[in-house]
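A short write-up of the structure that comes next.
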Amino acid sequence: MKNESYDEYENNTLQAIATRQLQREGRQLFAGQTISYIITDYYSRNPENSVLAYELATSRTRYDVTRYLELLAYAASTVLELFGYSKEHLQKVVLEDLHQITVDRFNA
């Protein structure tokens, strides 16, 4: 991070949003500190709803399953692309399976 106060840090990266959340809660932060967070609604129109600082999470915190599966597909594709599995293909397979599992769960 630049040598600015966290209030002046206007980027809406997930890390910056989580940092602002912690600061609003009165947490002491320092340059170079690792900020952990949970992606809650990555595609939210309001960036503040896209992430929650891990320290602020409760047992009721919901995470963005779709975004985590997209990230998993991307990570897997870095290894599996050599064998013909693109990120797009892996995302399609994983997200279709998620939808099917969700539908099957409600039909049981």
Percent relative contact order of region 6-56, based on C-alpha pairs within less than 8 angstrom and at least six residues apart? 37
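If I stretch the segment between Leu72 and Val94 completely, what's the gain in nm (0.36 nm per residue apart, minus their alpha carbon distance), one decimal?
Length gained between Leu72 and Val94: 7.0 nm.
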Quick one: what are the phi-derived ³J(HN,Hα) couplings along region 69-80, Karplus 6.51/-1.76/1.60 with θ = phi - 60°, whole Hz, x for glycine and proline? 5, 4, 5, 5, 4, 4, 4, 5, 5, 5, 9, 8
Taking all pairs of distinct alpha-carbon atoms in region 6-56, Kirkwood radius in angstrom: 11.0
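Bear in mind these aren't lab numbers, they're just calculated from the coordinates by the rules spelled out. What you are looking at is a predicted structure, and each value in this text was computed from that prediction instead of being measured.
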